[in-house]
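Here, each number is a calculation from the coordinates, and none is a lab measurement. Predicted model, so just to flag it, every value in this text is computed and none were measured. Don't worry about glycine lacking a Cβ; one is built from the backbone with ideal geometry, like all the others, and counts go over all protein chains shown.
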Amino acid sequence: MLSDDDRRTLAELETELEADPEFAARMAAPESEVRFPIVFVLCVALFVLVPPVMMLFGWPGLIITVDVFATVIAVILIARQRREH
């Protein structure tokens, strides 16, 4: 299903990746810790909170709530990115 040229290109990529020690170490070592899915939990919490916030505080309350959740999620993702690098 792959042409000879595609097979040759794939073999070259495999050889280059196997020669890269950093890549090989990342692929060989399993991730040491399983993270708590905080972003997923925050999204579920927002989904649950939208109707009561809308009923109690109207559009301004809803906009503020969504902004706060978006800011918290952004901070979490930025902190994770910095911790990994």
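Can you sort ASP5, ASP20 from fewest to most other Cβ atoms within 10 Å of each residue's own Cβ?
Details: ASP5 8, ASP20 11.
Starting with the residue having the fewest Cβ neighbours, the order is ASP5, ASP20.
Let me make sure I get this right: for the chain, a, b and c are the square roots of the gyration tensor eigenvalues over alpha carbons, sorted descending. Under 1.5 in a/c it's rounded, otherwise prolate if a/b > b/c, else oblate. Which is it? Don't skip to the answer; put the middle values down first.
Details: a/c = 4.08, a/b = 2.58, b/c = 1.58.
It is prolate, given that a/c is not under 1.5 and a/b is the larger ratio.
Applying the Karplus parametrisation 6.51 cos²θ - 1.76 cosθ + 1.60 with θ = phi - 60° to the phi angles of region 50-58, what ³J(HN,Hα) value in whole Hz is obtained for each residue in order, glycine and proline being reported as x?
Once rounded to whole Hz, the list reads 4, x, x, 5, 5, 5, 7, 10, x.
Only helical DSSP H runs with n ≥ 4 go in: add -39500 (n - 2.57) per run for the chain, normalise by residue count and round the 222 nm mean residue ellipticity to 500 deg cm²/dmol.
Values: 3 runs with 71 residues, N = 85.
Rounded to the nearest 500, it is -29500 deg cm²/dmol.
Would you mind computing, in nm to one decimal, how far apart the modelled labels at PHE36 and ALA79 are, each placed 7 Å from Cα along Cα→Cβ?
Taking the two extended label points, one gets 1.1 nm.
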